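Student: I am attaching a structure below and will ask some questions about it afterwards.
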Amino acid sequence: MSGRAPGTVVSKVQRLRELLHRYNYAYHALDAPEVSDAQYDALLEELRALEGQHPELITPDSPTQRVGATPLAMFGEVRHRLPMLSLDNAFSEEAVRSFDRRVRERLATAGCEEPVRYSAEPKLDGLAVSATYENGLFTRGATRGDGETGEDITQNLRTIASLPLKLRGKDLPTVLEVRGEVFMPKARFERFNAEATARGEKTFVNPRNAAAGSLRQLDARITAKRPLDIFIYGTGYVEDGSLPDTQGETLASLRAWGFKICPESRIVTGIDECLRYFADIGARRAQLAYQIDGVVYKVDDQEQRRLLGFVARAPRWAIAHKYPAEEETTVVRDIEFQVGRTGALTPVARLEPVFVGGVTVSNATLHNMDEVHRKDVRVGDSVIVRRAGDVIPEVARVLLERRPAGTRPLALPACCPVCGSPVVKDEEAAVARCTGGRSCPAQRVEEIKHFAARRALDIRGLGDKLIEQLCATGVVRSPADLWHLDAAALAELERMGEKSAQKLVKAIHAARATTLPRLLYGLGIRDVGEATALALAQHFGTLQALQAADEDGVQQVPDVGPVVAANVVAWFRDTENRRLLHRLLEAGLHWPPIQRSGNPGPLAGKTFVLTGTLSGMTREAAQAALQRAGARVSGSVSSKTSYVVAGAEAGSKLKKAQSLSIPVLDEPAFLDLLKSSSRS
Ligand code: D41
């Protein structure tokens, strides 16, 4: 039924397209959706149906026309009408300062005032592209290529929903070329890779490769299935029209025309504000939805840019200030098993040293055997090592295409590599454990480290290395032995003078004055973290009461379930543990009585939910701090939640809090709150 469409259909099609363009603009450029995805899809389907009945009504800018049906034989070439310049890099504050100095010196000779205003933007780690619009319609897309000539990726760019096919507004230039960066948001990249793994398909090494690989598909139907996005950061060739005098205003015009602009772009004045911007974005880097490798500073004023000009292929008026890479490629030399305090065997990859995220990394955790098998990490493999924020470096993935011949899958050892006791692993549990208990030297060392740690007995000056030395020489076999050390024996140790030996003995002595929660945490009872230790102490009041409790009694403690209760009771029934406690008390450990009621604490009545990763403390520690201040800590967000504390990579709980308008605290705000509530 294709004949000529009646006027009602024509106007209906037009109306649908206008609506869809508007909703697209609100969603992508303004980040303020006007309708739900389902409503949008319903309108799009309606339009598609009408166009199906009346193909003569289809226009290239119709929202239905993002995906063509015929793959290309090869990409055509596009000569850029204005070269796509490259960016100089700066890897240090010093380099950025000298960039600014050069800019100011050149502008001073032209009589410009300082300091200079810069447009500061995150530098996305994606693929630079150009998009051309004629009379407001998208006509051509190209890769940057060598800056002079790129590849024609018009069909691929059309599939990116946030790139408008038709521009809005009246005073559009006849020809407008914009430039920007195509990228795959981090979350979509992770999901894409997970789905590819599930289907047994090839995964991408990082979001940048994912974006590049997706754009370089000759079949745009494949590109269309890839979750790509684009930020526009500038303009190229412009005909019959004028652009504003500054980068800041240009970005505003581009947004008004329908382009998606990076919401983190700012105008800053002078180099110190540039550096502050660098630090601010750097601190939030892990939380940004997209991967960046630096920030870009661009002289804001077009006239000043013209005065500065460019050298070779890079403008003198812009520079990329790079962050240290968070991911690098290296080779696994060996895989060893570390034995933890509870006997848990942690596979650790020994790596060819590599500079990642600002430090040299030569070890990376592989977490557990399930993880090793999932990632299939083998000795000899090339791997991507990731380090984000302060977390322990980890092996993100293996580059299978680089695997040398003759590698073998990693096997769990049958015996503990330290003490030779049998290793056990339940079918369902991810962790394998050494069954040696305190007869395993590794478990003993870790037990003492945990006991002396800051959040436990807090023995100042007794660091991990020292504990390892003391255990190796056999002077210390149990936490209780610490109180039998004398300064003379300590002074024998390597790198230990008489003075520091005396100081350490004093510190060990002083640490006898502790608190019941610290002691309970320090004992290292399985599943008893700081929060549980505090809850146990507050519920039972005395060590004797806790020791006498049975499983039912321990389960009365808030948030303690049957598994934890069984662990606690078993720990106190064990003869060796009882002997340890006895010796600790004999050594003089003591603590003030527990306040079981009375002052309810400054945060009493408030309910907190913790989500995401805090950089400065564990979740257990955050929970314990809140509970000390009287707050309740819950696992799920509801209308009864008073605050949500959102660390890095906060997900659905943060979204839920926002949808319920519950106040959200970031890490600095949370620390402020803790500080002020511990003072009051
Ligand atoms: O986000 C980016 N990757 C980015 C790249 C950006 N925000 N701004 C950029 N500005 C330029 C100039 C100053 C030359 C217009 C760039 C790039 N260039 C660029 N990307 C790849 C090569 C050059």
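Student: Given a cut-off of 22 Å, name the pairs among 202/260; 12/166; 375/465; 123/653 whose C-alpha atoms lie farther apart than that in the structure shown. Kindly include the intermediate steps, with their values, before the conclusion.
Tutor: On the way: 202/260 30 Å; 12/166 18 Å; 375/465 32 Å; 123/653 29 Å.
Result: 202/260; 375/465; 123/653 exceed 22 Å.
Student: Here's a follow-up. Please work out the ratio of the alpha-carbon Rg of segment 74-135 to 2.2 N^0.38 Å and round it to two decimals.
Tutor: Numbers: Rg = 17.1 Å, N = 62, 2.2 N^0.38 = 10.6 Å.
Its radius of gyration relative to the 2.2 N^0.38 Å reference: 1.62.
Student: Taking θ = phi - 60°, what integer Hz values does the Karplus form 6.51 cos²θ - 1.76 cosθ + 1.60 yield along segment 108-122, in sequence order, with x for Gly and Pro?
Tutor: 4, 5, 9, x, 7, 8, 10, x, 8, 8, 10, 8, 10, 9, x
Student: Note down the Stokes-Einstein diffusion coefficient of the chain in µm²/s, whole number, using a Kirkwood radius over alpha carbon pairs, 37 °C, and 0.692 mPa s. Provide the component values of the computation, followed by the final result.
Tutor: Values: Rh = 29.9 Å.
Diffusion coefficient, whole number: 110 µm²/s.
Student: Pull up all non-local amide H partners of residue 260: gap of 5 or more, or a different chain, and H-to-H distance under 5 Å with H placed in the peptide plane.
Tutor: Distant-sequence amide H within range of residue 260: 232.
Student: Once amide H atoms are built 1.01 Å from N in the peptide plane, which residues 5 or more positions from residue 294, or in another chain, come under 5 Å H to H?
Tutor: It is 123, 323, by chain and number.
Student: Given charges of +1 on the Cβ of Lys and Arg and -1 on the Cβ of Asp and Glu, with all other atoms neutral, how large is the dipole of segment 582-656 about its Cα centre, in debye to the nearest 20?
Tutor: Working: 10 positive and 3 negative charges, 68 e Å.
It comes to approximately 320 debye.
Student: Right, here's the next one. Relative contact order for the chain: what is it in percent, counting Cα pairs under 8 Å that are at least 6 residues apart? Please report the intermediate quantities before stating the final value.
Tutor: Details: 1194 pairs, mean separation 59.4, N = 680.
Relative CO of the chain lands at 9 percent.
Student: When the label point is put 7 Å from the Cα of residue 104 along its Cα-to-beta-carbon vector, which residues of segment 290-323 have a backbone N closer than 16 Å?
Tutor: 299-300, by backbone N distance to the label point.
Student: So which cysteines of the chain have no other cysteine's Cβ under 4.7 Å from theirs?
Tutor: Singleton cysteines: 112, 262, 274, 415, 471.
Student: Which of 448, 594, 392 has the fewest other C-beta atoms within 10 Å, and how do the rest follow up to the most? Let's see the in-between values first.
Tutor: Details: 448 27, 594 16, 392 11.
Listing 448, 594, 392 from fewest to most nearby Cβ atoms yields 392, 594, 448.
Student: For residue 655, go through the aspartates and glutamates and keep the ones whose alpha-carbon is under 19 Å away, minus same-chain ones fewer than eight residues off.
Tutor: Qualifying aspartates and glutamates at Cα under 19 Å: 31, 34, 37, 190, 666, 667.
Student: If one computes the Cα centroid of segment 652-671 and of segment 450-509, what distance in Å separates the two points?
Tutor: For segment 652-671 versus segment 450-509, the Cα centre distance is 43 Å.
Student: Would you be so kind as to identify which of 665, 235, 205 lies farthest towards the positive end of the dipole of the chain, taking Lys and Arg as +1 and Asp and Glu as -1 on Cβ and the Cα centre as origin?
Tutor: 665
Student: Between residue 621 and residue 39, 0.36 nm times their residue separation minus their Cα-Cα distance comes to what?
Tutor: On the way: separation 582, 0.36 × 582 = 209.52 nm, distance 4.45 nm.
Between residue 621 and residue 39, full extension yields an extra 205.1 nm.
Student: For segment 473-572, what is the relative contact order in percent, using Cα pairs closer than 8 Å and at least 6 residues apart in sequence? It would help to have the intermediate numbers written out before the result.
Tutor: On the way: 78 pairs, mean separation 18.0, N = 100.
For segment 473-572, the relative contact order is 18 percent.
Student: Fewest first, what order do 257, 571, 317 take by the number of other Cβ atoms within 10 Å?
Tutor: Values: 257 21, 571 18, 317 25.
Ordered from fewest to most neighbouring Cβ atoms within 10 Å, 257, 571, 317 come out as 571, 257, 317.
Student: Right, here's the next one. DSSP loop (so not H, G, I, E, B), at most 14 other Cβ within 10 Å: list which GluC sites (Glu not before Pro) in segment 502-589 pass both filters. Please report the intermediate quantities before stating the final value.
Tutor: Details: sites: 530, 551, 576, 586; in loops: none.
Loop-located and lightly packed - none at all.
Student: Same structure, new question: What does the charge dipole of segment 28-120 about its Cα centre add up to, to the nearest 20 debye, if the Cβ of each Lys and Arg holds +1 and the Cβ of each Asp and Glu holds -1?
Tutor: 700 debye
Student: Still on this structure: Sticking with the crude label model, points 7 Å out along Cα→Cβ, report the distance from residue 638 to residue 577 in nm, one decimal please.
Tutor: Here the modelled spin labels are 3.3 nm apart.
Student: Under 5 Å between amide hydrogens, which residues at least 5 positions from residue 89 or on another chain qualify, with H placed 1.01 Å from N in the peptide plane?
Tutor: Residues meeting the criterion, in which the H sits 1.01 Å from N, are 320.
Student: Counting other beta carbons within 10 Å of each residue's own, what order do 23, 233, 297, 323 fall into, fewest first?
Tutor: Ordered by Cβ neighbours within 10 Å, fewest first: 323, 23, 233, 297.
Student: If I take every Cα pair under 8 Å that is 6 or more residues apart in segment 366-481, average their sequence separation and divide by the length, what percent do I get for the relative contact order?
Tutor: Working: 131 pairs, mean separation 19.7, N = 116.
The normalised contact order for segment 366-481 reaches 17 percent.
Student: Treat every Asp and Glu Cβ in the chain as -1 and every Lys and Arg Cβ as +1, leave all other atoms uncharged, and give the resulting dipole magnitude about the Cα centre to the nearest 20 debye.
Tutor: On the way: 89 positive and 85 negative charges, 154 e Å.
Here the size comes out at about 740 debye.
Student: Per residue of segment 80-95, what does 6.51 cos²θ - 1.76 cosθ + 1.60 with θ = phi - 60° give for ³J(HN,Hα)? Whole Hz please, x for Gly and Pro, Karplus curve as stated.
Tutor: Calculated HN-Hα couplings, in order: 6, 5, 10, x, 8, 5, 9, 10, 6, 9, 10, 10, 8, 4, 4, 5 Hz.
Student: Once phi is turned into ³J(HN,Hα) by the Karplus curve 6.51 cos²θ - 1.76 cosθ + 1.60 with θ = phi - 60°, what whole-Hz value does each residue of segment 537-549 show in order, with x for glycine and proline?
Tutor: Coupling constants for segment 537-549: 4, 5, 6, 8, x, 10, 5, 4, 5, 5, 4, 7, 6 Hz.
Read-outs: derived from the displayed coordinates by stated rules, not from any lab. This structure is a prediction, so every number in the text was calculated from the model and none was measured. Because the Cβ atoms are built from the backbone with ideal geometry, glycine has one as well, and the counts that use them run over all protein chains shown.
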